[in-house]
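Notes follow the structure.
The values are calculated or read from the model by the stated rules, or taken from the named source; none is laboratory data. These figures come from a predicted structure and were not determined experimentally. Note that we place each Cβ from the backbone using ideal geometry, even for glycine, and neighbour counts take in every protein chain shown. Just so you know, the surface numbers come from the protein's heavy atoms only, side chains and all, with ligands and any DNA or RNA stripped out. Shrake-Rupley method; radii C 1.70, N 1.55, O 1.52, S 1.80 Å.
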Amino acid sequence: MKKNIAILVFLFALSSVLEAQQPSGTDRAAMMSVRESLIKGVIYDDDTNSPVEFTSVALYSMRDSSLVTGTISGPDGSFILKELPYGKYYLIANFMGYEKQTKEDLTLTPKQIFIDVGELRLSHSAQELDEVEVIASQAHVEYKIDRKVINVGQDINAATGTAVDVLQNTPSVNVDIDGNVSLRGSGNFTVLIDGKPSPLTGSDALQQIPANAIRNIEIITNPSAKFDPDGMAGIINIISKKNALQGLSGVVNTTLGTGEKYSGDFLLNYKTEKFNLYGGASYNDQTYSGDLYQLKEFYDASQDESSYDESRGSRNMGRFGKEIKGGIDYSFNESNILSLSGAVGVQERGSGGISDQHIYNDALTYNDYLISDSYNFHGEDYYKFNLNYTRKFADPGHEIVAFIDYSKDAGSDYDEQKEYISNSLFEKIGLVPEQLRSSEIGDDKEFRVQIDYTKPIGESGRFESGYQMRQDNSAEVYLFENYIPDDNIWMPNDSFSSANDFYRNIQAVYATYGNKLGKYQYQLGLRGEYTNRKVDYLELSEPYKIKRLDFFPTVHLSRSLENNQQLTASYSRRINRPRGMMLEPFITYMNSTTLRQGDPTLEPEYMNSYELGYTKTFGKSFIAFETYYKNTINKIERVQEVYDIENKISLMTYDNISQDHSLGGELMVNLSYKEWLNVNATSSLYRYWIEGEINGIEIDTRSNNWDMRLNTTFNFSTKTRLQLTGMYMGPSVTAQGTRAAFLFSNVALRHDFFDRKLSATLQVRDIFGTMKHEFTSSSTDFSSYLQMTREPHVVMLSLSYKINNYNQKRSRSSGSEDSEMGGSDIF
């Protein structure tokens, strides 16, 4: 640990050579000697009332407007300018996407050596000139000391979809052909909604959230000790839209797409001085078609012969979801706020298709043709409630936040497969197929209590501490059945049927401390967790139990340089606890050629993550570069092996195969030309390698990986924008094989009507039909090739209508173009 921190400190020490000489005013030589004079204040977002970190604060001489000194605001929005000569000054606070805030007539004298300018509130940039409106949009991505913030309103290609569609054009994030999300190559991440846990997990949670309901998304790849350490890749935090102005307001969205794709949602908000009431609902029903080809080879060393299983056919997917949510915030006074919120919904996904299957060997002693008709379904009925209390003290930023969170979901999985005997032309010979099906039914309950305390210390320090209790309970019953055609009944198969109960309780405490040291900002944190886990299976006499104490240190450093430059560095330790299906010791059925079995002795994965970043802003443009190194211990991998070579059946298991490494960098360039063009390009290059052992065989696979995203927006007017996006992902390796490169591109056109109350977005996804995935997997006696393609040239139309009773024509300090409830335009 000491070595890890020493590396970060050494890297920051090197940054001193980059610092330029500080400019001085022409009158500085004539000023009196420097005393312990200072000017301080705090920066807030005027719409959200939240601190604005990394705001540039510059102090100028009133005599000749020369720059005297400058700094940037900290995580709590505070800033301080020290050791100032006596004189008269004015101060400018500026951050990209906001209006500049100026504080004039600041005079330091021997009798007044301290000035507190108080709160400076920044409003999103908007400027009206007679009948023409000029709009300065926020950057698509903003960098902070511990996270990247994605401003969803700037991505019109995502307006027709869900949070997953937003993330397709987001640095550090990849989305595969099925809409599964990975963060820096890992699908193991935590999803939060407004900082609170989601009743759904991973990609399922993101698929349920309409893009039009999202204000921004925070990508936190090295979270502080305040956050749960779960999610090896980090945290994706969805910040939903809220209205900060009083009165009734709302938004209604609807989307239609080719190939049976429909969605809609609405959100209403009523705010008074004491109360804030909100409620809404969403509906999503989308179907995607595609094709699949797979070739499996089984090698029998005893016979020195190979056999093959080749299949090709359709592969269709569907996602369905609906949700009702609501809440109330009550302000007893400015210091005490009580909030109650809840949601209830349904989330479903299914896939299936008909494929032609050819099974044969080298000598053609058998040469069988089949038609396979398969279908699988997963559904969850869930509800969630959250009670939140905030107590604010006199000092800004001094507060206690406590919440209780409870969620429950009743899930079910269903798989059914039919196989028909056919001839070589794939024409059915028999009318009665061989049939089998499986189902899994379970309940999952999660209860969480958390208390967070924050206290500013001194002029720029901040101390945080907290306690958290998490408890998970789940019970599942798995049933496998064979169809008996003569009796027309389904017969349970005990060989593949079982039941289990899962219990886990986690007690956690944490503390963080952050402050400034010259031009440096730092934050140190430590989290301790005690885990008590018990997994009980029907076939076992004794349950599997684990009691474990873990510690998770975090370090965050940043340094401001001259000319709007910033350096950041961070370290965190994280954990990935095995999911329920990975621990099930019994064999479960996936399809006619694949079985699955878990391992209750699996150890959790632990990851050490290091990051070093650099950002520079110039005008409305910026450039950012991040380097990172991640090392995972006890790496959990999905392993395939031969289970029954005679019947060509493979077994998928899970194993701790030792460790993997990822070393690379990510470059983002955001260029704005006048008011009509914005280009955002991201590219990453990293080296990935896996070391370990699978089934007694040493593995050492390595690959160089490269990907790139390009997002170009043309602003034809304040009402019309065209956006082109493209993504390329280079080839990579897995523990047992490879993944081929793929690319796709989208285009979207948006136009606003009726004083910006109505907006319409037309999008075409995968314009050139290039989106496909190819995988290989192999061992000493098994190999597989898989290719999947999806429906191209999907056309989507989205309409969004804003409802409000306040004047859309606001002053030049009003909200941005894409604020969720407002804005103005001339139709």
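The calculated FRET efficiency for residue 424 paired with residue 378, based on their beta-carbon distance and R0 = 56 Å, is about 0.95. When you filter the trypsin sites (Lys or Arg not before Pro) in the stretch 263-330 for DSSP loop state and at most 10 other Cβ atoms inside 10 Å of their Cβ, you are left with 274. Each residue of the stretch 707-721 is assigned a 3J(HN,Hα), and the resulting list reads 9, 8, 10, 9, 10, 10, 10, 10, 9, 5, 7, 5, 10, 10, 9 Hz, derived from the Karplus form 6.51 cos²θ - 1.76 cosθ + 1.60 (θ = phi - 60°), x at Gly and Pro. With 28 Å as the limit, write out which pairs from 384/772; 241/261; 519/635 have Cα-Cα distances beyond it, or answer none. Exceeds cut-off: 384/772; 519/635. Legend: calculated FRET efficiency, residue 363 to residue 254, from the Cβ-Cβ distance at R0 = 45 Å, rounded to 0.05, equals 0.15.
Measuring only protein heavy atoms, the 1.4 Å probe finds residue 675 accessible over about 90 Å². Neighbours of residue 420 by Cβ distance under 12 Å: Lys/Arg scored +1, Asp/Glu scored -1, total -4.
In a fully extended conformation the segment linking residue 646 and residue 277 would gain 126.4 nm over its present Cα-Cα distance, using 0.36 nm per residue. Computed from the C-beta positions of residue 400 and residue 445 and an R0 of 22 Å, the FRET efficiency is 0.20 to the nearest 0.05. The residues packed around residue 362, meaning those with a beta-carbon under 13 Å from its beta-carbon, carry a net charge of -4 if Lys and Arg are +1 and Asp and Glu are -1. Surface calculation, 1.4 Å probe, protein heavy atoms: residue 95 sits at approximately 30 Å² accessible.
Each peptide in 368-376, 759-767 receives the mean, over its residues, of other Cβ atoms within 10 Å, and ordering these scores from highest gives 759-767, 368-376. Coupling constants for the stretch 215-223 follow from the phi torsions by the Karplus curve (6.51 cos²θ - 1.76 cosθ + 1.60, θ = phi - 60°), and in residue order they are 7, 7, 10, 9, 9, 10, 7, 10, x Hz; glycine and proline get x. Count Lys and Arg as plus one, Asp and Glu as minus one, and take only other residues whose Cβ is under 14 Å from that of residue 256; the net charge is then -1. Hey, how many Å between the Cα centroid of the stretch 675-724 and the Cα centroid of the stretch 384-404? The two parts, judged by their Cα centres, are 38 Å apart. Using the structure shown, select from 274/392; 408/630; 418/445; 103/148; 144/445 the pairs with a Cα to Cα distance greater than 24 angstrom. Long pairs (Cα-Cα over 24 Å): 408/630; 418/445; 103/148; 144/445. Restricting the stretch 302-368 to GluC sites (Glu not before Pro) that sit in a DSSP loop and have at most 11 other Cβ atoms within 10 Å of their own Cβ leaves 334. Taking all protein chains together and rolling a 1.4 Å probe, residue 275 ends up with roughly 90 Å² accessible.
The listed residues 498, 541, once ranked by accessible area (1.4 Å probe) with the largest placed first, stand as 541, 498.
Within a straight-line Cα-Cα reach of under 17 Å, residue 719 can be paired with the following lysines, leaving aside sequence neighbours fewer than 8 residues apart in one chain: 674, 757, 802, 809. Roughly how many nanometres apart are two label points built 7 Å out from the Cα toward the Cβ at residue 486 and residue 49? Distance between label points: 7.5 nm. Within the same chain, aspartates and glutamates fewer than 8 places from residue 271 are excluded, and of the rest, those with a Cα less than 20 Å from its Cα are 45, 46, 47, 194, 329, 334, 820. Please enumerate, by chain and number, the aspartates and glutamates with C-alpha under 12 Å from the C-alpha of residue 648, excluding those fewer than 8 residues away in the same chain. Of all the aspartates and glutamates, those that pass the test against residue 648 - Cα under 12 Å, at least 8 places apart if same chain - are 297, 300, 309, 310, 781.
Ordered by solvent-accessible area of protein heavy atoms (1.4 Å probe), largest first, the residues 669, 639 come out as 669, 639. Of the residues 797, 292, ranked by 1.4 Å probe accessible area with the largest first, the sequence reads 797, 292. Exactly which GluC sites (Glu not before Pro) in the stretch 614-666 are in a DSSP loop and have at most 15 other Cβ atoms within 10 Å? Filter output for the stretch 614-666: 646. With a simple spin-label model that places each label point 7 Å from the Cα along the Cα-to-Cβ direction, the separation between residue 453 and residue 776 comes to 5.9 nm.
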